[in-house]
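The block underneath contains the structure these notes are about, expressed in structure tokens.
Each reported figure results from applying straightforward, stated rules to the coordinates on display, with no laboratory input. Fair warning: this is a prediction, and the values are worked out from it, not measured in the lab. Note that we place each Cβ from the backbone using ideal geometry, even for glycine, and neighbour counts take in every protein chain shown.
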Amino acid sequence: MHSAKALSAAGNISVSLGDYSGAISDAQQAIELRQGSKKDEELATDYNTLGRANQYLGNYTAALNNYQTALGIDRAVGPRWERTALRFFLHCTLLWSNPGDFGPPV
């Protein structure tokens, strides 16, 4: 799992630096390493990273799917409703601020 943690961190850094393709690659590799654990909070974080990168690239449908997957994992992990609610609120704000085309916030 150390490799997955390193890839997760690299994905988050890549999103912060604007390297969205790199973030997608890192997050996807981390997800592949974590696939056996559907209740892993870090798996949700990796899907969230995918969502952020896809959103910034304009891949809004993929971003929405990634965010929904992250939310489902958050719910399966247990009663961390603050995190789940916050994740859902932030992503709804980002994705639905421009209804009709899932564009970025205006």
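Quick look at the numbers
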{"read-out": "Residue order, fewest to most surrounding Cβ atoms within 10 angstrom, among Ser16, Ser8, Ser25", "value": "Ser16, Ser25, Ser8"}
{"read-out": "In nm, spacing of pseudo-spin labels at Thr61 and Ala6 (7 Å Cα→C-beta vector)", "value": "3.6 nm"}
{"read-out": "Loop-located trypsin sites (Lys or Arg not before Pro) in segment 1-51 whose Cβ has at most 13 other Cβ within 10 Å (DSSP)", "value": "Lys38, Lys39"}
